[in-house]
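Working notes, beginning with the structure itself.
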Amino acid sequence: MCGRFSLTATPDEIAEALPWLIIPEGAQSQPPRYNIAPSQPIAVVPNTGENRLDYFLWGLIPFWAKDPQIAGRLINARGETLAEKASFKAPYKYRRCLILASGFYEWQKQPGSKSKAPHYIRLKSGQPFGFAGLWDRWNAPDGSEILSAAIITTQPNPLVRPIHERMPVILPPSAYETWLDRGEKSPDELDSLLIPYPAKEMEAYPVSTFVNSPGNDGLECIRPVYE
């Protein structure tokens, strides 16, 4: 699973990587986020046809859910079974999104120990990128609305495999148009996009256990431990 990630890119860097994206004025003042955790706001581009950056809750709340606490169990969606799961099959057809990130964390099991070593994983280019995501709209009994999203995961590439058994789906820019199409899409049209990102374009390195606490959010989260 992907349980933490970062978005440290500036609005200008995001605009350079996604020149078609509309970035609202309020997003211009967002600080860098080094340790984004479930239940927190995440930067999302939903397939509404507006190509506009928004902020949703991390943890999907299906429109039919009776209890919004289900979000804690739906931060990730396995790419191999999206069309089968009640929580994901409708969003997979109709409500897809990009979840913007600069990198993500995975924890590697340590031989002979119960502890796990955190690693930070990103593109070698340092550019921000988009996870493949699903989103939904939930209406609370009091009439309020919650927009939420989940990150799709897949099998790890050779870089991530020694660290963890899953990795988030990172979409190449060439897939954005198809993924963000506001129309209904079938699994046959989308499944081929849910593959591991090329390992040769990525890098990974161990970081401090400082990142283990979701309350810690600073440059130390991504600083290599061998510095």
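The test for being closer than 26 Å to Ala15 by Cα and either at pLDDT below 95 or among the polar types (S, T, N, Q) (or both) does not hold for Ser213. Thr153 passes all but one of (1) touching a Lys or Arg at 6+ places or on another chain (Cβ under 6 Å); (2) farther than 13 Å from Cys2 by Cβ; which number fails? Against the list (1) touching a Lys or Arg at 6+ places or on another chain (Cβ under 6 Å); (2) farther than 13 Å from Cys2 by Cβ, Thr153 comes up short only on (2). Residues in the stretch 95-115 that are over 18 Å from the mean Cα position of the chain (by Cα) and assigned to a strand (DSSP E or B): Gln108, Lys109. Please verify whether the stretch 70-85 includes one or more residues that are modelled with pLDDT of 95 or more, among the hydroxyl-bearing types (Ser, Thr, Tyr) and surrounded by 16 or more Cβ atoms within 10 Å (Cβ to Cβ). So far as the stretch 70-85 goes, no, none of its residues is modelled with pLDDT of 95 or more, among the hydroxyl-bearing types (Ser, Thr, Tyr) and surrounded by 16 or more Cβ atoms within 10 Å (Cβ to Cβ). For the stretch 126-142, the criterion of being among the polar types (S, T, N, Q) and either touching a residue at least 12 places away in the same chain (Cβ under 8 Å) or within 24 Å of Pro11 (Cα to Cα) (or both) is satisfied by at least one residue.
The criterion of at least 2 residues that are within 22 Å of Leu190 (Cβ to Cβ) and in contact (Cβ under 8 Å) with a residue 40 or more places away in the chain is met by the following strands (runs of 3 or more DSSP E) wholly inside the stretch 1-83: 41-46, 54-58, 76-78. On the basis of being in contact with a Gly (Cβ under 6 Å, 6 or more places away or on another chain), modelled with pLDDT of 95 or more and either within 22 Å of Ser6 (Cα to Cα) or surrounded by fewer than 16 Cβ atoms within 10 Å (Cβ to Cβ) (or both), does Leu219 make the cut? No.
Yes/no per residue for (1) among the polar types (S, T, N, Q); (2) buried (at least 22 other Cβ atoms within 10 Å of the Cβ); (3) within 13 Å of the chain's Cα centre (by Cα); (4) in a helix (DSSP H, G or I):
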site	(1), (2), (3), (4)
Ala117	no, no, no, no
Gly126	no, no, no, no
Ala132	no, yes, yes, no
Arg137	no, no, no, no
Ser148	yes, yes, yes, no
Asn157	yes, no, no, no
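The values are calculated or read from the model by the stated rules, or taken from the named source; none is laboratory data. Nothing here was measured: the structure is a model prediction, and the numbers come from that model. All Cβ positions, glycine included, derive from the backbone under ideal geometry; neighbour counts span all protein chains shown.
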